[in-house]
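Data block below; observations after.
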Amino acid sequence: MEQRDFWHKHARQFADLYDEPTLVNRLFRRALYLRARQTIERIQGVPGAAVLDVGSGPGRNSVLFVKEAGASRVVGVDLAADMVRIARELAERHGVADRCSFAQGDIMTFDPGGGRFDVAVALGVMDYVADPAAMLARMRELSRREVIASFPAFAPLRVAQRRIRYALGGCRVYWFWKSEIEGFFRKAGFAGCELLPCSRAGWLGIGRIG
């Protein structure tokens, strides 16, 4: 599986974007930090939320969901074994390992256990998903209240640069128009969605359940 192998190989490099963000990253990858802040604010509206973090990567967001958003339980699922290892170590360092657990797997087939979650989140994941509607539908099955996912917007220079860089590692990337994202949520069974801009790099989509 090309996605799993790519992220396993680049796990530490990606983790450093969160643990040791440079000034360049803060300027040119502002959306990465903005979407996390927007998601934390949404989770704060659900006291003691149980959160599913799809594509949890190095675990930084999962830890923030506990420490800053007040989540009572976070389960992170990621394709790459090395990402899971790094995430577990991070949760231990921050003293939240009792509320943050991580597992390797594909969310489309993986059963995280523990019943449904209040909120299911996928940040920085749809960039690499060929069928976002199917993933949103799966997240909807696992959530009671909201599904939150970020989507990259079309920016010619950024798209070209990312396609070349990721293609060299065997990883496909995608981008989406606003109307496409709205269509993904409808196809996944949501009556509608709220789209919050993430700088100029994309959107944070929020689909409510019930």
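Return the long-range amide H neighbours of Trp203 (sequence gap of 5 or more, or a different chain), with a cut-off of under 5 Å between placed amide H atoms.
Those lying under 5 Å, H to H, from Trp203 are Phe151, Ala153, Cys198.
Would you kindly derive the ³J(HN,Hα) couplings of segment 196-204 from the backbone phi angles with the Karplus curve 6.51 cos²θ - 1.76 cosθ + 1.60 (θ = phi - 60°), listing them in order in whole Hz, with x for Gly and Pro?
9, x, 10, 6, 10, 8, x, 9, 10
Give a residue-ordered list of calculated ³J(HN,Hα) values for segment 132-139 (Karplus: 6.51 cos²θ - 1.76 cosθ + 1.60, θ = phi - 60°; whole Hz; x for Gly, Pro).
x, 4, 5, 5, 4, 5, 5, 5
Need the C-alpha centroid separation for segment 94-110 versus segment 176-205, integer Å.
26
If I stretch the segment between Lys178 and Arg144 completely, what's the gain in nm (0.36 nm per residue apart, minus their alpha carbon distance), one decimal? If you can, show how the numbers build up before the last one.
On the way: separation 34, 0.36 × 34 = 12.24 nm, distance 2.50 nm.
Working it through step by step, the gained length comes to 9.7 nm.
Read-outs throughout are calculated quantities, based only on the coordinates presented, and are distinct from any laboratory measurement. In this text the structure is predicted, and so the values were computed from the model without any measurement.
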